[in-house]
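Derivation of every value follows stated rules applied to the coordinates shown; laboratory data play no part. Bear in mind the structure is a predicted one, so any value in this text is a computation, not a measurement. Using ideal geometry, Cβ is built from the backbone for each residue, glycine included, and neighbour counts are taken over all protein chains shown.
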Amino acid sequence: MIAVTTDGRDIDLEVAKLSGEGALQKVRPVDTHMQRVAREWGKLPTPDTSDPTYYGRPVLKEPVWHWAIPLYFYVGGAAGASLVMGSAAQLDRSGELENLMRRCHWAGIIGSALSGAILIYDLGKPSRFHHMLRVFRPTSPMNMGAWILSSVSPSAIVAAMFAQRRGILGAFGEISGVASGLSGLALSTYTGVLIANSAIPVWQESRRVLPILFGASAMASAGSIFDMFFEDRAARRVTYTFGTVGRAAELAASIALERQAGRVPHVARPLHTGASGFLWKTATVMTAGSLLLSVLPGRSRKRRVAAGVMGTLGSIMMRYGIHQAGVASARDPRATFRQQRAGHGAAELD
Amino acid sequence: MPAKGFFTDTTLCIGCKACEVACKQWNQLPDDGFFFTGMSYDNTVALGASTWRHVAFIERPVPLQTQDAGAFSWLFSSDVCKHCARAGCLESCPTGAIVRTEFESVYVQPDVCNGCGYCVVNCPFGVIDRRSDDNRAWKCTLCYDRLREDMQPACAKACPTESIKFGDLDHLRAEARARVEDLHEKGLREAYLYGEDEHSQPGTGGLNAFFLLVDKPEVYNLPPDPVVPTKKAKDAWTSMGVAAAGMALAAVGAVLWGKER
Amino acid sequence: MGTSYGRGGATTFQQDLQNADVIVIQGSNMAECHPVGFRWVMKARERGATIIHVDPRFTRTSAVANIHVPIRAGSDIAFLGGIINYILKNDRYFKDYVIHYTNAPAIVSDEFRDTEDLDGLFSGWNQQTTQYDKESWMYKGVDPAPAAGKREAGADRRGPIRAEHTDPTLQHPRCVFQILKRHYSRYTPEVVEETCGIPKALLIKVAETLCRNSGRERTGAFCYAVGWTQHSVGVQYIRTAAIIQLLLGNIGRPGGGIMALRGHASIQGSTDIPTLYNLLPGYLPMPKAKSDATLADYCRNNESPSGWWGEFPKYFVSLMKAYFGGAAQKENDWCYDYLPTLSGDHSHMNTVADMADGKLKGYFVMGENPSVGSMNGALQRKGLRKLDWLVVRDFQLIETAEFWRDAPEIHRGEVKTKDIATEVFFFPGAAHTEKSGSFTNTQRLLQWHHKAVEPPGDCRSELDFIYHLGVRLKKLYARELNERRNWPIRDLTWNYPTEGPRHEVVAESILEEINGYTTSDGKPVAGYTSLKDDGSTACGTWIYSGCYRDGINMTARRKPHWEQNWVAHDWAWSWPSNRRLMYNRASADPEGRPWSDRKKLVWWDEQKKRWDGYDTPDFIADRPPSYRPSKEARGKDTISGIDPFIMQADGKGWIFVPAGLEDGPLPTHYEPEESVIRNPLYGQQCNPARMEWRRRDNPYHRAFEDPRFPYVLTTYRLTEHHTAGGMSRWLSWLSELQPEMFCEVSPELASERGLANGGWATIRTARAEIEARVLVTERMKPLRVRGRTIHQIGLPYHWSSRGIVVGDTANELIMFVADPNVSIQESKAFTGMIEAGRKSKERRAVTSGAFVKQIDPEYWQRDLPIARNRGGGPHDSKAVETKEGNM
Ligand SMILES: Nc1nc2c(c(=O)[nH]1)N[C@H]1C(S)=C(S)[C@@H](COP(=O)(O)OP(=O)(O)OC[C@H]3O[C@@H](n4cnc5c(=O)[nH]c(N)nc54)[C@H](O)[C@@H]3O)O[C@H]1N2
Ligand SMILES: Nc1nc2c(c(=O)[nH]1)N[C@H]1C(S)=C(S)[C@@H](COP(=O)(O)OP(=O)(O)OC[C@H]3O[C@@H](n4cnc5c(=O)[nH]c(N)nc54)[C@H](O)[C@@H]3O)O[C@H]1N2
Ligand code: SF4
Ligand code: SF4
Ligand code: SF4
Ligand code: SF4
Ligand code: SF4
Ligand SMILES: [Mo]
């Protein structure tokens, strides 16, 4: 006889236990995600018939990704942009940019390794990360991303190992360098597609800008990192130019994004209000600041570092801002309703 | 195997929540906690990882055309995963955990899902969610296990008024159209179908679980014109191309331009 | 229903509701409380029927109805009376039906005086007993035996009812029809509006819809449940609907009838084979000490010279044979003296009051949770505290089993656990899946369920418990078994076969006994028509006879509906004789032809010389429509070919009930014990015959306009929970759906009392104070009565202190007061106060002792002077004399 705990009826409690895969879950109690409703208590539950919602409850589920994902966007972006710079540097046959190239490759290797780690960390079931590569599914940007990410490190490593060699190996290294640059291009921009390919109104609405913004921001990020950490006279101008173009493009893309999303005013709301609005606006200011610093005459190290810091902060805050805006957008049923009522649902496709 | 699905006729629903309980019982899902919401009789709030059927209660200051009860009516609607013909969750799943079954339903394979959470933001109806313990995505299976045994889904079986009709989609669609006509004849002009086919909901290619409603979709917390995100992703992919090209150009330019000085 | 039609059960079955052209659901929240049966209402709606829901609240039933009529709780007789008035005034009744099948033509005694003449009282009020003497209500020249209710009255003067006592032209001023007309003439739309708060136009709309959908071609049905029964005039609520249905010709016809929706899974079963103190199985009355000293007296009091109850002795003798087997012989009056006799009212509230006064030693609580589900929780627990022992059998450790350590008065320190001497025994019960047996559902359908799993641990079925209790009692008395007083135990037949590892009684063997058998060879009888009064048959419950016909368990039949017609005879088995629609002879005209093709059910087949139809005819199978009894006819032979109500002494549906009721032959509007307004119709405020318990631990508010308690309170159920919660508050899947006790209030009341949706409110009566969450909803509508606004507050009553979700109990608020006919409490309409915020810890939540010091000077306004100074209640009970002292 197995000893069992019994209740007052002397009933084997195991009898009533839920079993099976569904049963094991521990559920977040309703009240934690209901706090907002609790605050609305007191208001009479009379619906607004002209602009109805279901008690103001969200239609969509919030993104479940936590802090690691915006960080991944940033790190991955910076790594990818570095690799792009690295493979562009191959064009220079003078050897002056060898250092830059090496640094780019290493930034790519470290960055993509870190990205992978962060990504796995964010997974609900990290032990199953490799399931990402079970299939090849072009409709899933995340699946594409997994393939991209997994192609980055090998090519970057090969490039790092052989690019400076001569002969066959060197050629192999150079081809790998170009490949790593291509995957870097993909790595730093696909994340824009990743979130644009979603039901979240603010992301979906700004889908035409997001990859550009993310790409530009990746350039700015990479530029800023090089600005801050390396003092390579030969490469300075290259990274500086790359970064500055990135900053300018990031700023332009930010403005474009706001306008894109703002085609349905309600959809852009998270960019103006709340935590997401704050992050977004500050990011823009930072990026603008770093751009200003980098285009003003004079190239002191101090100023470059300052521009780098601001640029980095701008890029990071931008990613968090976008992430938070997505969360806020999912929470707001009217964002979905108005977007679709404005003809920006499926109607837009005709 | 003919495509199977649900036709949920909300005008027949009496808000008894038998479907909610039957689903939980069959699938052995735990409760969502005990919290008085003050939202009419709805205390489970929304669909989620532990609630695969959810009955909405709408008190509205608008009369039904067939009812004499003052300027008021109370609507019920039992919501569920739509098993979309073009399913955002399925198309976005990077692991292939979500598959289309022989019944044309959308099924998450629990042993494959790695909890990336991408399906969650890709469902235009806010249906699928991650479990809060092991983070796997979890939603209505259309009772795949029961269908395999030639049984109907637990929720439909439990519904006392046949508000939830389960069957071959072709039949259901025909039935639903006839039903709308019938209701119109009876004076309930507001009745219409939501998502019954590709024509009525091009964004999703039609829902395998569609509804008969009598007010705007928003009232029931349903999106008015949902679209599977992949359909719009082309724009983003294009932009990505532009971005990549621009970036490549910028890099090349920087190297060439930087070197010249 | 028993007094009006002859049998105390729903006249129809739920599947038949789909054939209705109009369905009035009143006094029930059918969609929420009977969701599975409600599918047939939805079917009817889909077929074009109009669904009308009359309810103080807009509920899930109202949500799918065509018309919702918000009504002031406790005013239904006025509303239905208004409909009767409309029917009569506009000549909308079904003439052929009324003349032939009802007692409308009967002429009533010259002594009869109506409430019209006596300001709300009928003739016969006896100031001494404060009850009615009912002689003056009888037909002129003859006393018909009632088929239900109090049957002993007037047994001496009984005789068959004959044509000379009637006026088929309905013109005689003292015929039932004319009396009815006069009685309801004051129930005008204006008066209804003043009484019920229902706009005139709405009443007329409902009345018109009903009339339009009745007659030869069309039929309408009524559905009710405890929204009607739980009033101090509850039986008369149902009577009013019974009258409407007779006037409109809606009884015994498809799509017609009155669907009494019963509560618990087998609550119909528990009145058929009763758990009621005053009945033996099959509605045979329990012998009364006063009037039934001998078997001869008992039979004389209960046998009717006319109609089906002439068969009474056969059923009784067969029952005694089933109880006592060989010991029951003609010589010893079939052991009649073994039966206990009633000395008074032993209904629930009386018993509890007696308990509280220390008159009871022990108490079995099986499948009930009175501490939560019964009125005045504090008084309930006070009773439990005074017991020596208490046995509780349940699935959970319910509040009734835990009253000694978890109760409001314990938490507040008014009562200490160590002062409670009651010894509590808890027995775990087996659930229905863990035992075999039958349920008798709301439509008298017996359905067998088979054991699916063994009960866990020590859980056992009731059958097992009772059986072993019997075995042990026999053992306990073994040494003294031959002492005369122990003969009932000695002779009780108790030899049931057992099976399985736990030696459980074979449940089917009980069904066999219920069905009945011939004593010589033990062969099952075919039905109650085979029962004899000579001891050659034994039968546990005559109305169930036939359920085990030919040794086949008829109740376990499960032929699907697609293999048979809509009546579905081969699904399970219903009493009587597997009839699904009772009194269905009335679906044919006097000549035996269906009233219309559309509403065809049974008919006289001239070729076969038999009644035939879709349902089993509820008539003597070979009695032609043309049959008329001779003057000498007795018993069954008095039933003429046009008497569809065969259980009635005159074979007719009783519009006017000359015998069997305590509070009048015609329904009359009285206000609830506690009301917010004065009775707009009569000087008599409340039902004069109501049962009261005037005790200090059961205080009443003023009869009307009590400034301390200005709101109407009503209580009800939610789909998500079950009654006192024993089966739902322990289940997470149900508990999450309705997690907290709440009250429903209108936005107007919320702003008047400063209540916030989702916040807390305290609700108070003189009995107790409880707290609840507030649900502000437009489903609660304030009513306008004479320029005044009347607010009603809704309270579900499912919560208490144990289980997964807990909350205060609505029943702490409610007093003991009851309908005089069936002793059902008035829990659907009373008064109270509501305030924002939670109840304070110090204030008493419930009474635990003397509570009200003085009688309220306004108290007497309930009754006309002649009806005051109430002494003992009905049933000869002395309910009001208590140690607590009269108020
Ligand atoms: N889900 C569920 N189903 C149940 C039960 C349960 O607990 N839960 N209990 C079962 C039992 S035991 C029973 S007895 C039945 C009871 O079934 P119902 O009688 O249908 O249930 P209630 O909710 O008690 O009351 C019905 C309605 O009466 C209304 N009412 C109150 N006062 C009045 C009045 O004066 N006049 C009129 N016209 N209406 C009034 C109430 O607002 C309520 O909506 O349900 C059975 N079914
Ligand atoms: N205010 C207010 N009060 C009311 C009413 C109302 O409308 N308003 N309605 C009244 C009505 S109609 C009713 S029926 C009562 C109901 O009141 P109760 O009968 O007191 O309440 P239940 O919770 O139904 O109690 C039944 C118990 O039986 C247990 N049980 C179930 N099956 C079995 C079994 O097979 N064996 C044993 N031993 N136990 C079993 C359950 O666990 C449960 O605890 O409430 C009444 N009280
Ligand atoms: S409703 Fe959402 S979860 Fe269900 S199939 Fe469609 S996209 Fe997937
Ligand atoms: S969470 Fe699971 S089911 Fe959802 S997209 Fe990721 S792998 Fe697929
Ligand atoms: S189909 Fe099955 S899993 Fe889906 S909601 Fe219904 S019962 Fe639940
Ligand atoms: S079971 Fe049917 S009637 Fe009940 S809530 Fe669900 S859909 Fe509505
Ligand atoms: S609980 Fe049982 S009796 Fe009540 S409606 Fe449901 S199935 Fe019928
Ligand atoms: Mo009940």
Most fluctuating residue given options A:Ile255, A:Ile322, A:Ile200, as computed from a GNM of chain A linking Cα atoms under 10 Å: A:Ile255
Zero-based 10 Å bins, Cα pair distances in the range C:385-525, whole percents: 10, 26, 30, 23, 10, 2, 0
Net dipole in debye of chain C [+1 Lys, Arg Cβ; -1 Asp, Glu Cβ; about Cα centre; nearest 20]: 740 debye
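In whole angstrom, how long is each semi-axis of the equivalent ellipsoid of chain A, when you take the square root of 5 times every eigenvalue of its Cα gyration tensor and sort them from largest down?
So the equivalent ellipsoid measures 43, 29, 18 Å along its semi-axes.
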Trypsin sites (Lys or Arg not before Pro) lying in DSSP loop within the range A:62-162, provided at most 10 other Cβ fall within 10 Å: A:Arg93
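Tell me which DSSP H helices of chain C clear both cut-offs, 27 Å or more of axial length from alpha-carbon atoms and a mean Kyte-Doolittle hydropathy of at least -1.0.
Answer set is empty.
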Rounded tilt (10° steps) of B:169-186 against the dominant C-alpha axis of chain B: 50 degrees
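With the Cα gyration tensor of the range A:142-237 giving a ≥ b ≥ c as the square roots of its eigenvalues, does the rule (a/c under 1.5 for rounded; else a/b larger than b/c for prolate; else oblate) give rounded, prolate or oblate?
oblate
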Coarse-grained scattering of the range A:130-197 at q = 0.14 Å⁻¹, given as base-10 log I(q)/I(0) from a Debye sum over alpha-carbon atoms: -0.47
For the range C:2-260, convex hull of alpha carbons as volume per residue, Å³: 126 Å³
Shape metrics for chain C, restricted to C-alpha atoms - Rg then Dmax, Å: 26.4, 80
Karplus (6.51, -1.76, 1.60) ³J(HN,Hα), θ = phi - 60°, over the range B:41-55, in Hz, Gly and Pro reported as x: 9, 8, 10, 10, 6, 7, 5, x, 5, 10, 9, 9, 10, 9, 9
Angle in degrees between helix A:301-331 and the longest Cα principal axis of chain A, rounded to the nearest 10: 30 degrees
Within a Gaussian network of chain A (alpha carbon springs, distance under 10 Å), most fluctuating of A:Leu257, A:Leu149, A:Leu292: A:Leu292
Tensor-based shape of the protein assembly as shown (alpha-carbon gyration tensor, a/c under 1.5 rounded, otherwise prolate or oblate): prolate
C:Gly255 long-range amide H proximity, modeled H, under 5 Å: C:Asn19
Within the range C:375-451, trypsin sites (Lys or Arg not before Pro) in DSSP loop having at most 13 other beta-carbon neighbours inside 10 Å: C:Arg405, C:Lys416
Gaussian network model of chain B, springs between alpha carbon atoms under 10 Å - residue of B:Ala174, B:Ala251, B:Ala18 with greatest fluctuation: B:Ala251
Phi to ³J(HN,Hα) by Karplus 6.51 cos²θ - 1.76 cosθ + 1.60 over the range C:540-554, Hz, x for Gly, Pro: x, 8, 4, 5, 8, 4, x, 6, 10, 3, 6, x, 9, 6, 5
0 to 90° range, to nearest 10: angle between helix A:98-122 axis and chain A longest Cα axis: 10 degrees
Global form of the range C:691-869, assessed from the alpha-carbon gyration tensor, a/c cut-off 1.5: prolate
Residue exposure sequence - A:Trp280, C:Trp860 - by fewest surrounding Cβ within 10 Å: C:Trp860, A:Trp280
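Between exposed GluC sites (Glu not before Pro) in chain B, where DSSP calls loop and at most 15 other Cβ atoms lie within 10 Å, what's the longest gap?
Result for the longest clean stretch: B:1-101.
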Quarter of Cα convex hull surface for the range C:300-424, i.e. mean projection, nm²: 11.0 nm²
Mean Cα-pair separation over length for chain C, i.e. relative contact order, pairs under 8 Å, 6 or more apart, %: 17 percent
